[in-house]
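Some notes on the structure that comes next.
FYI, it's all coordinate maths here, none of it is from the lab. On a predicted model such as this, the values are computed, not experimentally measured, just so you know. Virtual Cβ from ideal backbone geometry, glycine too; neighbours counted across all protein chains shown.
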């Protein structure tokens, strides 16, 4: 693995000089940069070479799986299909970020198509960080597609972050929940310059007492443009909540278009949305604590995206 | 400690809110500024903290003229201000706020101490976001805590600290102010109508229509205020009109 890949891995995942602790598969410029299975987590290549299957044994507890992808040059169009099979009653953390470093004039693209099949009573924390960097004029594009299927009592916590440098991104997440399954998503986005990002959530709560909570926090700076779409469908007795908050800076623009569908009398669905600039009173308060205007603005945005 | 000389402030031409305030706020004392609504009390607090720039006069801290200093510079020089209406922040936790107030990460025991002073249980609040999920009283107490956490404060301004705070927590707050008074290098300025705060004031200034109607030792001013109450008249109406 080259130094660029190593630096990207550090930025998007928990990579250290000593490597990863746990199962991992590193995807580097559309090829395999390293793979390791553990006793409870098996990672195998698909027969057609299109991606990998991550198979987590039932009852696996407190283990990490790292599935990062890196592109470090232009003229790479990476498309990969990764399927995660989470055994019943397991409790694991999956880290699957993507970093692109492009110093070239040709575009660099990564499309990760991830499907998650969570067995009954399983619990997964899924973390996904996206980052773009490099001095080339070639576009850096990341278009993740995530499909989630949660069996009874399964819980998925998805933390997805894109904090700059990605020129274009279309982020699609779909999900189907069975009885008492819970899907909790926290998205943090920051765009600048001419960047564009589109987020699209589409979740079906088919199961009784299933629950979805989607929180999206974003900051649009420069001349960037963001689109937020979410569709939560309550097809049974269930609770759904989505919250889309955006801060505008300079000439940033945001279009938020949430949608709720209640197909059952006992579906309780709520959407909240707020778009606006950083409140002047917030800046003033932090300045009375001794922060400069720039420090105050940074603290407000960092907190906003983290929260 | 804090000296106000002929402080005037006009938010717009032809509309003067502060009409020449002269006031001395000594260190080691609690000064309560009181008076009718709309009289200029909060405006006075804001010009001291630098949120509004005065149009005439001067403001001095320890003899140093801070009139031209901006909000950040005044804060670094030791001017702290607890807002009358605290600001909410999505994503910023109570711990984040206290760390920023202290200028760095503060130890857990200190967090507990300051939170206890404002009547909040640390473990219940430390990771809470300062957002709409907090009640008015909770956020007010966190606002006060942020000022109590400041390092090197010389002038501490509390704008209606009693607002929204329950009786039990308010008793704790009174004790916190009593403790602050013992720190001889700090001047405490509280804007309030609350009788219990007026009772512990070393000095009281009554501001009416942008002017100091009367100011003096709390023991002298308080009976006059109470007399007004007793006779069912506006407490300040009968006071020191000759000073206008």
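Hydrodynamic analysis of region B:2-243 uses the Kirkwood radius over alpha carbon pairs. Inserted into Stokes-Einstein at 25 °C and 0.890 mPa s, it gives a translational diffusion coefficient of 133 µm²/s. Distance between the C-alpha centres of region B:113-190 and region A:205-219: 36 Å, rounded to the whole angstrom. With all pairs of separate Cα atoms included, region B:29-166 yields a Kirkwood hydrodynamic radius of 15.8 Å.
Peptide A:297-307 has a mean shielding of 4, counted as Cβ atoms of other protein chains within 10 Å of each residue's Cβ. Note on residue B:226 and residue A:159: the model spin-label points, each 7 Å out from Cα along the C-beta direction, lie 5.7 nm apart. Over chain A, Cα pairs under 8 Å with separation of 6+ residues give a relative contact order of 10 percent. Against chain B, whose longest principal axis is taken from its Cα atoms, helix B:108-117 shows a tilt of about 40°.
Sorting A:238, B:121, B:112 by the number of Cβ atoms found within 10 Å of their own Cβ, with the fewest placed first, yields B:121, B:112, A:238.
Cβ-Cβ distance of residue A:147 and residue B:105, R₀ of 45 Å, FRET efficiency by 1/(1 + (r/R0)^6): the value works out to about 0.65. Once the Cβ-Cβ distance between residue B:27 and residue B:121 is put in as r, and R0 is 25 Å, what FRET efficiency do you end up with, to the nearest 0.05? After rounding, the FRET efficiency stands at 0.20. Report the relative contact order of chain B, percent, no decimals, based on alpha-carbon pairs under 8 angstrom and at least 6 residues apart. Once normalised by length, the contact order is 27 percent. Taking the DSSP bridge list for the protein assembly as shown and keeping only pairs wholly inside it, about 15 percent are antiparallel.
If the segment from residue A:17 to residue A:106 were pulled out straight at 0.36 nm per residue, it would be longer than the present Cα-Cα gap by 29.0 nm.
For region A:239-279 versus region B:83-97, the spacing of their alpha-carbon centroids is 22 Å. Packing, as the average of other Cβ atoms within 10 Å across residues, places the peptides B:10-22, A:82-94 in the order A:82-94, B:10-22, highest first. Taking 7 Å steps out from each Cα toward its Cβ at residue A:293 and residue A:172 produces label points 4.4 nm apart.
Each distinct pair of alpha carbons in region A:1-81 adds a 1/r term; the inverse of their mean, the Kirkwood radius, is 13.4 Å. For B:168, B:9, the sequence from fewest to most other C-beta atoms within 10 Å is B:168, B:9.
Considering only beta bridges that DSSP places wholly inside region B:2-243, some 55 percent are antiparallel.
Find the centroid of the Cα atoms in region A:136-178 and in region A:42-65, then give the distance between the two in whole Å. Distance between centres, Cα-based: 19 Å. Kirkwood hydrodynamic radius of the protein assembly as shown, from the reciprocal of the average inverse Cα-Cα distance over all distinct pairs: 26.7 Å.
Within 10 Å of the Cβ of each residue in B:47-59, the mean number of Cβ atoms contributed by other protein chains is 1.
Using C-alpha pairs below 8 Å separated by at least 6 residues, the relative contact order for region B:7-80 is 29 percent.
Gaussian network model of chain B, Cα springs within a sub-10 Å range: biggest mean-square fluctuation belongs to which of B:223, B:26, B:86? Highest fluctuation of the listed residues: B:223.
Other protein chain C-beta atoms within 10 Å of residue C-beta, averaged over B:89-99: 5. Mean residue ellipticity at 222 nm, helices only, the protein assembly as shown: -6000 deg cm²/dmol; runs of at least 4 DSSP H residues each add -39,500 (n - 2.57), and the sum is divided by the number of residues. For region A:1-135, a Kirkwood radius taken over Cα pairs fed into Stokes-Einstein (25 °C, viscosity 0.890 mPa s) yields D = 163 µm²/s. As a proxy for reagent exposure, A:163, B:198 were ordered by neighbouring Cβ count within 10 angstrom, fewest first; the result is A:163, B:198.
Against chain B, whose longest principal axis comes from its Cα atoms, helix B:167-182 is set at around 80 degrees. Of all DSSP beta bridges confined to region A:3-278, the antiparallel ones make up roughly 10%.
Angle of helix B:218-230 to the longest C-alpha principal axis of chain B, folded into 0 to 90 degrees and rounded to 10: 80°.
The orientation-averaged projected area of the convex hull spanned by the Cα atoms of region A:3-278 comes to 13.9 nm². Distance between the 7 Å Cα→Cβ label points at residue B:128 and residue A:137: 5.5 nm.
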